[in-house]
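**Student:** Before anything else, here's the structure in question.
The values are calculated or read from the model by the stated rules, or taken from the named source; none is laboratory data. The structure presented is a predicted model; accordingly, all values stated were derived computationally and were not measured. Cβ placement follows ideal geometry from the backbone for every residue including glycine, while neighbour counts extend to all protein chains displayed. Surface accessibility is based on the protein's heavy atoms, side chains included, excluding ligands, DNA and RNA. Shrake-Rupley method; radii C 1.70, N 1.55, O 1.52, S 1.80 Å.
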Amino acid sequence: MMNYTYKKIAVGGTFDKFHKGHEELIRTAFRLSEKVLIGITSDEFAAHKSHDVESCEKRIANVKEVINDYNNFYEIKRIDDAMGTADIDPELDAIVVSEETEESAVYINHIRKSNGLNLLDIVVIEWILAADNVPISSTRIRKGEITQDGILLTEE
């Protein structure tokens, strides 16, 4: 049996145009905890974005492909806001975020404190860089600049 740092960890996002950065978020969560709560934005919540987003079903399927490598207990929840259930789940010990979303985790801890819950350890993963040393992002993939693996598709 593995010696995990946490009992239950959360990770969440839209996971649109699933890429290496998303994969690292999920892999980090599974390496650190015996239970992983994965929040994936619902189609309704994702509709507030300024661009088209893949269907929730497609995004869940992409996430499940990475999860197949692990035996940990996991739960996937559709979420309708930036907190999902991270602000009210008393079993959570930690949350995995990117540098881009660290402020959301700080806010979740603020709400948890006011709800009388333990503060979550915030595990921040570094940006995963494309071949041009600029972070891989769904926006860059959508624009046709890079692949999900960070390979450049356009000339500078």
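**Student:** Considering only residues that are in contact with an Asp or Glu (Cβ under 7 Å, 6 or more places away or on another chain) and acidic (D, E), which ones fall in the range 81-98? Let's see the steps before the verdict.
**Tutor:** We begin by selecting, within the range 81-98, every residue in contact with an Asp or Glu (Cβ under 7 Å, 6 or more places away or on another chain); these are 93-94.
Within the range 81-98, D93 is the sole residue that qualifies.
**Student:** Here is a check on your reading of the model: is I146 crowded, with 18+ Cβ neighbours inside 10 Å, under 21 Å from E24 (Cα atoms) and touching a Phe, Trp or Tyr at 6+ places or on another chain (Cβ under 8 Å)?
**Tutor:** Values: crowded, with 18+ Cβ neighbours inside 10 Å: yes; under 21 Å from E24 (Cα atoms): yes; touching a Phe, Trp or Tyr at 6+ places or on another chain (Cβ under 8 Å): no.
Considered against the rule, which asks whether it is crowded, with 18+ Cβ neighbours inside 10 Å, under 21 Å from E24 (Cα atoms) and touching a Phe, Trp or Tyr at 6+ places or on another chain (Cβ under 8 Å), I146 comes out as no.
**Student:** Looking at the range 102-118, which of its residues are surrounded by 15 or more Cβ atoms within 10 Å (Cβ to Cβ) and either touching a helix residue (DSSP H, G or I) at 6+ places or on another chain (Cβ under 7 Å) or in a loop (DSSP other than H, G, I, E, B) (or both)?
**Tutor:** Within the range 102-118, just L117 meets the criteria.
**Student:** OK, next. From the list A47, A82, which residue is in contact with a strand residue (DSSP E or B) (Cβ under 9 Å, 6 or more places away or on another chain) and among the small types (G, A, S)? Before the answer, list the steps.
**Tutor:** Numbers: A47 fails: in contact with a strand residue (DSSP E or B) (Cβ under 9 Å, 6 or more places away or on another chain).
So the residue among A47, A82 that is in contact with a strand residue (DSSP E or B) (Cβ under 9 Å, 6 or more places away or on another chain) and among the small types (G, A, S) is A82.
**Student:** Among the hydroxyl-bearing types (S, T, Y), closer than 18 Å to G13 by Cα, outside any loop (DSSP other than H, G, I, E, B) and modelled with pLDDT of 95 or more - does that describe any residue in the range 80-90?
**Tutor:** For the range 80-90, residues among the hydroxyl-bearing types (S, T, Y), closer than 18 Å to G13 by Cα, outside any loop (DSSP other than H, G, I, E, B) and modelled with pLDDT of 95 or more: absent.
**Student:** What is the residue count in the range 78-91 for residues that are open to solvent by 50 Å² or more (accessible area, probe 1.4 Å) and among the β-branched types (V, I, T)?
**Tutor:** Step one: list which residues in the range 78-91 are open to solvent by 50 Å² or more (accessible area, probe 1.4 Å), which gives 78, 80-82, 88, 90-91.
Within this subset, residues satisfying the condition of being among the β-branched types (V, I, T) are 88.
The qualifying residues number 1.
**Student:** Something else: Take the residues of the range 8-56 that are in contact with a Ser or Thr (Cβ under 9 Å, 6 or more places away or on another chain) and of a type in the set (S, T, N, Q): which is farthest from I136 (Cα to Cα)?
**Tutor:** Ranking the qualifying residues of the range 8-56, first place goes to S33.
**Student:** I'd like to know if the range 59-77 contains one or more residues that are open to solvent by 50 Å² or more (accessible area, probe 1.4 Å), within 21 Å of I141 (Cβ to Cβ), polar (S, T, N, Q) and not in a loop (DSSP other than H, G, I, E, B).
**Tutor:** No - not one qualifying residue is present in the range 59-77.
**Student:** Could you please give the count of residues in the range 7-45 that are at positive phi and either in a helix (DSSP H, G or I) or open to solvent by 30 Å² or more (accessible area, probe 1.4 Å) (or both)?
**Tutor:** Residues of the range 7-45 at positive phi: 13, 15, 17.
Still in the running and either in a helix (DSSP H, G or I) or open to solvent by 30 Å² or more (accessible area, probe 1.4 Å) (or both): 17.
Within the range 7-45, residues that are at positive phi and either in a helix (DSSP H, G or I) or open to solvent by 30 Å² or more (accessible area, probe 1.4 Å) (or both) number 1.
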